[in-house]
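This report concerns only the one structure given below.
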């Protein structure tokens, strides 16, 4: 039971993150702020999150992972209240910087915690299944963040979004504490499982973590562009907050279920054609976001893009956890890549949007995705030939 219950925690934490990204972007867009300010909040989060993730990668062990999770989520409850107590637009940068540190204290330790729980279940897909569940959990949470905050804001005001965030953080902190207490030790114990299913020995497969960092790093830049530039474009087109939030929610809902669909995967992560097809969906989705002008076109864009993002997030985590000895180090690099690209995406996207319009960033990043997908295809083909 604990094996599945723990995935409830990253889902709730990404409700918190998704809410902050949505509410801050729309608040700045409504006052006609410079696009660099609209995107700058997410960049601020990333500037802190990236080095903090590297630090957590050095500090986290299977013995202290639960303790770091408790402190990280508890601290984020305080930060969530800060958005309400000091609500000025300028203060958003301060609170979001603290959010970045708290997120690093949660997500890097959680992945170590998650792999430890799955030890002894190799016959059940010891790397693939937790990766699929984790991708589903946090993506579903991110989707709910945009959906819930868009609708709560519409009916009750944006402050209630942060009150709910604080409640979720408290629930996560207490939940991890209860599970750790019930186990009698913060380190989850491996469970031996007898299975007739012959496992895939990924330790003998090529180490492609570096390719995950490259391809998924570009993918994370597209995430930053979608989450920061689309609200700006939506406000410019007079879309309602609910419509903007729903489109972003669709991205993450589709991403979540695509990630979950990989639960029984075995080897597509090493093959060129599936990766290329998923990338093609992302390119089309980005073009729809950039060139579309109606709610329907943005919903289509969200579905296509969600298929792509579900793939590259799963791909990123899988190739890091697949390594038999370096997974903790690789996971910290994953989170650092997410942080760095979350600076690059908002800064470049905001700068281009400020100099031209809110459509061009989507078109340009679609071209970059196409180039990276072509390189990725070539690497996978050579890897299979070897």
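The values are calculated or read from the model by the stated rules, or taken from the named source; none is laboratory data. A quick note: this is a predicted structure, and the numbers were derived from the prediction, not measured. With ideal geometry, Cβ positions are generated from the backbone for all residues, glycine too; neighbour counts draw on all protein chains shown.
Odds and ends about this structure:
Let's see how each residue does on (1) buried (at least 22 other Cβ atoms within 10 Å of the Cβ); (2) in contact (Cβ under 8 Å) with a residue 24 or more places away in the chain; (3) under 21 Å from the mean Cα position of the chain (by Cα):
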residue	(1), (2), (3)
257	no, yes, yes
263	no, yes, yes
290	yes, yes, no
294	no, no, no
321	yes, yes, yes
334	yes, yes, yes
345	yes, yes, yes
350	yes, yes, yes
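- Among the residues of segment 30-39, none is identified as in contact with a helix residue (DSSP H, G or I) (Cβ under 6 Å, 6 or more places away or on another chain) and at pLDDT 80 or above.
- Residue within segment 238-246 that is assigned to a helix (DSSP H, G or I), crowded, with 19+ Cβ neighbours inside 10 Å and within 18 Å of the chain's Cα centre (by Cα) present: yes
- The single residue among 364, 316, 348, 371 that is part of a helix (DSSP H, G or I) and touching a helix residue (DSSP H, G or I) at 6+ places or on another chain (Cβ under 6 Å) turns out to be 316.
- All of 339, 310 fail the test of being at pLDDT 90 or above and under 12 Å from the mean Cα position of the chain (by Cα), apart from 310.
- Residue selected from segment 53-63 under the condition touching a helix residue (DSSP H, G or I) at 6+ places or on another chain (Cβ under 8 Å) and over 18 Å from residue 217 (Cβ atoms), by the criterion modelled with the lowest pLDDT: 62
- You will find that of 18, 82, the residue that is free of Cβ contacts under 8 Å to residues at least 60 places away in the same chain, closer than 15 Å to residue 165 by Cβ and either touching a helix residue (DSSP H, G or I) at 6+ places or on another chain (Cβ under 9 Å) or surrounded by fewer than 24 Cβ atoms within 10 Å (Cβ to Cβ) (or both) is 82 and no other.
- Checked against the criterion of being modelled with pLDDT of 85 or more, farther than 18 Å from residue 25 by Cα and in a helix (DSSP H, G or I), the candidates 234, 219 yield just one match: 219.
- Residue check for residue 41: more than 21 Å from residue 169 (Cα to Cα) and in a helix (DSSP H, G or I): no
- Residue check, residue 136 modelled with pLDDT of 75 or more, surrounded by fewer than 21 Cβ atoms within 10 Å (Cβ to Cβ) and in a helix (DSSP H, G or I): no
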